[in-house]
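Single-structure report; data block below.
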Amino acid sequence: MISTAGALVVPIVRSAGAYRSPQADEIPGTVQTPTGPLTPLDRDFVKRVRLAGLWEIPAGRMALAKGGSTEVRTAGQHLVDGHTELDRAVLDTAQTLGLEVPGEPSVQQKAWLKQLDDAQGAEFDRLFANIVRNAHGQVFAVVAQVRAGTQNSTVRDLATLANSTVLDHMTVLEATRLVKFGDLSGPPAGTSSPTAAPVPAPGGTQR
């Protein structure tokens, strides 16, 4: 049985310092990288993908341990498998682009994990399906926006993988037949990429 949500937040741990590049991570606006312009939206997307894995892998493990139906346990396995692969990809992306990424879930995500950890039986199944499906719906809109608009090939590759992963997870969560679609949050407000010309990072060249 799962004892604490905190004990589960251990998907993939690597040194955050390995992904630190002040030039790429701290210059405001759009910067140039070897794989194309990197916008604030691109950087935010990379960090969102990392955060998703940090809480959804533990949530998937809970579903495997406590899920009351085959469908809930199947969804849990998809979360663990999909976000483990995606987490490796996002860490590689962060290293390539010189970005610092989060090392633990957000306060809200920790609260979701505690809700799931405290729940049992049918209540767990219902909360799992709806909390995780709602979160996927929010990030899916951001993934689509980044995939459609980014000029950075490294970010584009990550967005392509994230798109298929999130869509798969939404599908298996909906297959539990527990999702209350009327209660799902709408997509987040759109964030437009800056139109200003890219700022070359030190040592880089502007296209």
Give, rounded to the nearest 20 debye, the magnitude of the charge dipole that the stretch 88-155 has about its Cα centre when Lys and Arg contribute +1 at Cβ and Asp and Glu contribute -1 at Cβ. 220 debye
Just to verify a number: what accessible area does Lys110 come out at with the full protein assembly present, 1.4 Å probe, Å² rounded to tens? 90 Å²
Under a 1.4 angstrom probe, counting protein chains only, how are Arg48, Arg156, Arg43 ranked by accessible area, largest first? Arg48, Arg156, Arg43
Determine how large the accessible area of Leu167 is when every protein chain is in place; take a 1.4 Å probe and give Å² rounded to the nearest 10. 90 Å²
What are the lysines whose alpha-carbon lies under 19 Å from the alpha-carbon of Lys66, with same-chain residues fewer than 8 places away excluded? Lys110, Lys114
Please work out how much accessible surface Thr176 shows to a 1.4 Å probe, ignoring ligands, DNA and RNA, in Å² rounded to 10. 10 Å²
On full extension of the chain, what length is gained from Thr171 through Arg88, given 0.36 nm per residue of separation minus the C-alpha to C-alpha distance? 27.6 nm
For the stretch 140-185 and the stretch 90-131, what is the separation of their C-alpha centers, rounded to whole Å? 15 Å
Given 5 Å bins starting at zero, what is the percent of C-alpha pairs of the stretch 64-157 in each, up to the one with the largest pair distance? 2, 11, 16, 22, 19, 13, 9, 5, 2, 0
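The values are calculated or read from the model by the stated rules, or taken from the named source; none is laboratory data. Since we're looking at a predicted model, the values are computed, not measured. Note: ideal-geometry Cβ built from the backbone for every residue, glycine included; neighbour counts use all protein chains shown. Remember, those area values only see protein heavy atoms, side chains included, never the ligands or the DNA or RNA. Shrake-Rupley method; radii C 1.70, N 1.55, O 1.52, S 1.80 Å.
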